[in-house]
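The values are calculated or read from the model by the stated rules, or taken from the named source; none is laboratory data. Predicted, not measured: the structure shown is a model, and the values here were computed from it. Neighbour counts run over all protein chains shown; Cβ positions are idealised from the backbone, glycine included.
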């Protein structure tokens, strides 16, 4: 009986270690090269991270039906950030990883209509229907923000700010984690908070 118990304990410990190891490999690492991708945008153009060598890149996972995303778009906060950083030469890629038939999934035409109607200003909207890019970055929620420096190194991954609510009134009093990180990357400084907890609606991946 003791042998059986010990054997099962060993199996459980080994399984837990394998899960932890897989998780560690699945998560992109701060300070390491960001995962490359090749995804078609809402205008039919394919974009790869390698295309933007020498440029700072922001990735914004989005779902227009998510209350947390609406908080930042209906207030104009996300558009303001897009304009602020693209004017400094940043490549801003909004990524939609919702699979067909799930919340947030849109056609290319719908994506372009949303960009226009909301006065959004991303460099491009990537349609990651398969979820391949989202899984490569371990994007969990919308919005989930990433900053990649001009050397292709991931410097920030996490929330847009410090208050995990859907209330627009919280934006002004929140600490702007993402914006602070992006400014530090652009100025060549070390990012003071390279990882933060993202908040929002879960990304609607296919099974």
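With respect to residue 60, determine if the residue is assigned to a strand (DSSP E or B), surrounded by 10 or more Cβ atoms within 10 Å (Cβ to Cβ), modelled with pLDDT of 95 or more and within 16 Å of the chain's Cα centre (by Cα).
yes
Collect the residues in the range 30-57 that are in a strand (DSSP E or B) and surrounded by 14 or more Cβ atoms within 10 Å (Cβ to Cβ), keeping them in residue-number order.
39, 40, 41, 47, 57
Would you mind finding the one in 177, 199, 156 that is over 16 Å from residue 58 (Cα atoms) and under 17 Å from the mean Cα position of the chain (by Cα)?
One residue alone meets the criteria, 199.
Are any residues in the range 35-51 in contact with a strand residue (DSSP E or B) (Cβ under 6 Å, 6 or more places away or on another chain), in contact (Cβ under 8 Å) with a residue 24 or more places away in the chain and farther than 19 Å from residue 98 by Cβ, and if so, which ones?
Answer for the range 35-51, where residues must be in contact with a strand residue (DSSP E or B) (Cβ under 6 Å, 6 or more places away or on another chain), in contact (Cβ under 8 Å) with a residue 24 or more places away in the chain and farther than 19 Å from residue 98 by Cβ: there is none.
Take residue 93 and decide whether it is touching a strand residue (DSSP E or B) at 6+ places or on another chain (Cβ under 7 Å), outside any loop (DSSP other than H, G, I, E, B) and under 27 Å from residue 31 (Cα atoms).
yes
Failed condition for residue 99, given (1) surrounded by fewer than 21 Cβ atoms within 10 Å (Cβ to Cβ); (2) at negative phi; (3) touching a helix residue (DSSP H, G or I) at 6+ places or on another chain (Cβ under 8 Å); (4) assigned to a loop (DSSP other than H, G, I, E, B), with all others met?
Unmet for residue 99, out of (1) surrounded by fewer than 21 Cβ atoms within 10 Å (Cβ to Cβ); (2) at negative phi; (3) touching a helix residue (DSSP H, G or I) at 6+ places or on another chain (Cβ under 8 Å); (4) assigned to a loop (DSSP other than H, G, I, E, B): (3).
Is it true that some residue in the range 134-150 is over 21 Å from residue 40 (Cβ atoms) and out of contact with any strand residue (DSSP E or B) (no Cβ under 7 Å at 6 or more places or on another chain)?
The answer is yes, given that some residue of the range 134-150 is over 21 Å from residue 40 (Cβ atoms) and out of contact with any strand residue (DSSP E or B) (no Cβ under 7 Å at 6 or more places or on another chain).
Quick test of your reading of the structure: residue 206 fulfils all but one of (1) surrounded by 20 or more Cβ atoms within 10 Å (Cβ to Cβ); (2) over 11 Å from the mean Cα position of the chain (by Cα); (3) not in a helix (DSSP H, G or I). Name the failing condition by number.
The number of the failed condition is (1).
What's the number of the only condition in (1) free of Cβ contacts under 8 Å to residues at least 24 places away in the same chain; (2) under 15 Å from residue 90 (Cβ atoms) that residue 192 fails to meet?
Of everything listed in (1) free of Cβ contacts under 8 Å to residues at least 24 places away in the same chain; (2) under 15 Å from residue 90 (Cβ atoms), residue 192 misses just condition (2).
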